[in-house]
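Beneath this line is the structure, given in structure tokens, with notes to follow.
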Amino acid sequence: MSVLAFLIPVTLAMGAIGLAAFFWSLRNGQYEDLSGDAERILFDAQDRPLIPKRASPRRDTISKETTT
Amino acid sequence: MISSLTQAERGAAMLITLAGMVAGLAMAAAGQGDPMGAHGWIVLIFFALFFGLLARAAYGTDEPEDRGLAYYDDPTKVGILIALAWAVIAMGMGVWVAAQLAWPDLRFDAAWSGFGRLRPVHTSGVIFGFGGNALIATSFHIMQRTSRARMPGQVAPWFVLFGFNLFCIIAASGYLMGVTQSKEYAEPEWYADIWLVIVWVVYFTLYIRTLARRREPHIYVANWYYLAFILVVAVLHIVNNLAVPAAWTGAKSYSAFSGVQDAMTQWWYGHNAVAFFLTSGFLGMLYYFLPKRAERPIYSYRLSILSFWGITFFYIWAGSHHLHYTALPHWVQTLGMTFSVMLLVPSWASAGNALMTLNGAWQKVRDDATLRFMMVAAVFYGLSTFEGSFMAIRPVNGLSHYTDWTIGHVHAGAMGWVALITFGSIYALVPGLWRRETMYSWKAVEWHFWLALAGTVIYVFAMWNSGIIQGLMWRTYGESGTLRYSFTDSLVAMHPYYVARAFGGLLFVTGAIIGAWNVVMTIRHVPHQVPARDHPTTSETMEPALPAAE
């Protein structure tokens, strides 16, 4: 069963990637406001991207840079 | 739609289609006299169509929209329509092959219409064509909404969507020509596999780039499910399809593994295709569209995250339960069996979480067929994961393996869970996406729901009966220690169930046709609405649905 010597390391490596992602999410503070996180998806009445406060929305228009 | 691309994006898209045309021409030239040559022509025509569309619009009107102000939804819309088209085609194929098992004459004596060639058209068509396109379309929607950010660029999403469909077309047309590498759910040959890797890498980077642009600090749990789907399927696909082409001028290739080694690799892939293609991504759909439609946050968000990590770490070890009582070492079988039983915990956590979210909103489930689709999907998810853990236990598997019970189990999951959650999500998505007031006909949604549910139940019960009868007949011994029944005896016993199965499938595909019709009519005939919310503010029953909290 030489294939196991291949499949098991591949599987363990995938598990390690998952574990790394989990630790990243912990350190990143992803789990600090779980009830708020669950509810915020329900409130997007405007259905459009959030625009950062300082930048004007016009800055996001790529077309102006490319069609000159 | 092309008019919303910038000149630079049109240029990039034209370069990609040109490269595709060159690749198609090379395949057609190199593979003369081989099915690969025919595939070359398909690739050439596919890219030429898009090249023609782009060329016609190359110097046409340029209507750049303000990209900071809206999500990019065109690929989602097209993806949903393509998914519905695949649903009708591939489920129709399913009814045909089911009918062939009951009445073999329905093959009509052609080579391409044999069971062995049509069956993978059905399986790949529903899994990749219907399921895959629905996953791609909804992931584009969800990743933008939950990140509160628009996708970067407008070429990559189209490349992913159409590139994936080219893979599906090559796969389905190849099966009809007899091209297959005989690995279940991974039948396409080497060039299709390589193409899918390219598409998938673009898909993954597109997802990560969108998440990197997010304005919302938290990554909603649905995104984790979609990311696991994309990442794990990539690794599984690459490892399982390691093969050496017999020649660069033909479709035939030989797997890098042989015998039981190949079987182990195949089911390491095959079971995780079920786990990460047919479960993980659809759980992402469930965790987004169910709370949105019910207008309630998920019952326990903490539990949804726990079950995500549980599924991620457990599922990958379960594949060897497909190889009980084979040449596979005993401990590997036991390992797969153990993890399969453990999987029940995160699976039921998700199913229970979905149902508990609806607890307190049952009047909505009663009135709103869309939400009912999602509710029944969660029930079938719970049922089929319980059944799966049960069937993975070695002695149970001794009875169920190689019988129709397996087919019944797969379809409880595929029809009851995957297809129902997808249809529910599509009905939740379509009116909001096209800015329509409501679906064209809420009665049609009801019809679709009951046809789908009846079809699933008939199908699954027929296969349970057929499978257990088969399994018992094969292990019945006479007094002299010989088998009591011949294989033909068991075939005769299965016939009525095969008729019932074909009928159940017919009901299911009828529902899908009604659904596709309803979506098209919604787009064409329902008046526009100024968007107030991401999804319709009233359900079909016209009850007030805006939460007081807003």
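The values are calculated or read from the model by the stated rules, or taken from the named source; none is laboratory data. In this text the structure is predicted, and so the values were computed from the model without any measurement. Positions of Cβ are backbone-derived with ideal geometry, glycine not excepted, and every protein chain shown enters the neighbour counts.
Structure values in brief
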item	result
Condition check for B:Phe313: part of a loop (DSSP other than H, G, I, E, B), of a type in the set (A, V, I, L, M, F, W, C), surrounded by fewer than 24 Cβ atoms within 10 Å (Cβ to Cβ) and within 11 Å of chain A (Cβ to nearest Cβ)	no
Every residue from segment A:31-45 that is part of a loop (DSSP other than H, G, I, E, B) and facing chain B (nearest Cβ under 8 Å)	A:Tyr31, A:Asp33, A:Ile41, A:Leu42, A:Phe43, A:Asp44, A:Ala45
Lone unmet requirement of (1) within 13 Å of chain A (Cβ to nearest Cβ); (2) touching a Pro at 6+ places or on another chain (Cβ under 8 Å) for B:Tyr59	(2)
Cross-chain or 6+ apart pairs with Cβ under 6 Å, segment B:151-178 first and touching a residue at least 60 places away in the same chain (Cβ under 8 Å) and closer than 19 Å to B:Leu18 by Cβ, then of a type in the set (A, V, I, L, M, F, W, C) and outside any helix (DSSP H, G or I)	B:Gln154/B:Leu5
Segment B:66-98, subset among the aromatic types (Phe, Trp, Tyr) and away from chain A (no Cβ under 14 Å), residue surrounded by the most Cβ atoms within 10 Å (Cβ to Cβ)	B:Trp86
Checking B:Leu328 against (1) assigned to a loop (DSSP other than H, G, I, E, B); (2) surrounded by fewer than 16 Cβ atoms within 10 Å (Cβ to Cβ), the condition it does not meet	(2)
Some residue of segment B:249-258 being without any contact (Cβ under 8 Å) to a residue 60 or more places away in the chain, surrounded by 19 or more Cβ atoms within 10 Å (Cβ to Cβ) and either away from chain A (no Cβ under 14 Å) or under 18 Å from B:Ser320 (Cα atoms) (or both)	yes
Candidate set from segment B:207-229 (those that are β-branched (Val, Ile, Thr) and surrounded by 23 or more Cβ atoms within 10 Å (Cβ to Cβ)); member that is nearest to the other protein chains (Cβ to nearest Cβ)	B:Val221
Qualifying residues in segment B:1-37 (those that are more than 14 Å from chain A (Cβ to nearest Cβ), touching a Gly at 6+ places or on another chain (Cβ under 8 Å) and in contact (Cβ under 8 Å) with a residue 60 or more places away in the chain) - the one farthest from B:Trp158 (Cα to Cα)	B:Asp34
Residues satisfying the stated conditions in segment B:184-206, i.e. assigned to a loop (DSSP other than H, G, I, E, B) and surrounded by fewer than 16 Cβ atoms within 10 Å (Cβ to Cβ)	B:Glu184
Options B:Leu236, B:Leu231, B:Leu286; residue that is at pLDDT 95 or above, part of a helix (DSSP H, G or I) and closer than 18 Å to B:Ala349 by Cα	B:Leu286
Tally, over segment A:5-30, of residues that are out of contact with any His (no Cβ under 8 Å at 6 or more places or on another chain) and facing chain B (nearest Cβ under 7 Å)	7
Pair list, Cβ < 9 Å and 6+ apart or interchain, from segment B:412-431 residues that are farther than 29 Å from B:His525 by Cβ to residues that are among the charged types (D, E, K, R)	B:Ala412/B:Glu387; B:Gly413/B:Glu387
B:His321 over 23 Å from B:Phe128 (Cα atoms) and either facing chain A (nearest Cβ under 10 Å) or not acidic (Asp, Glu) (or both)	yes
Count of segment B:172-204 residues which are in contact with a helix residue (DSSP H, G or I) (Cβ under 9 Å, 6 or more places away or on another chain), closer than 19 Å to B:Val239 by Cβ and among the aliphatic types (A, V, I, L, M)	7
Residue check, B:Ser139 over 20 Å from the mean Cα position of the chain (by Cα) and under 29 Å from A:Ala13 (Cβ atoms)	no
Pair list, Cβ < 6 Å and 6+ apart or interchain, from segment B:271-287 residues that are surrounded by fewer than 24 Cβ atoms within 10 Å (Cβ to Cβ) to residues that are of a type in the set (A, V, I, L, M) and assigned to a helix (DSSP H, G or I)	B:Phe277/B:Val233; B:Leu278/B:Val418
Looking only at segment B:1-41, and only at residues there that are hydroxyl-bearing (Ser, Thr, Tyr) and surrounded by 17 or more Cβ atoms within 10 Å (Cβ to Cβ), the one that is nearest to B:Pro245 (Cα to Cα)	B:Thr17
Residue in segment B:308-318 that is touching a helix residue (DSSP H, G or I) at 6+ places or on another chain (Cβ under 8 Å) and more than 21 Å from A:Phe22 (Cα to Cα) present	yes
Qualifying residue in segment B:99-117 (condition: closer than 24 Å to B:His448 by Cα and under 16 Å from the mean Cα position of the chain (by Cα))	no
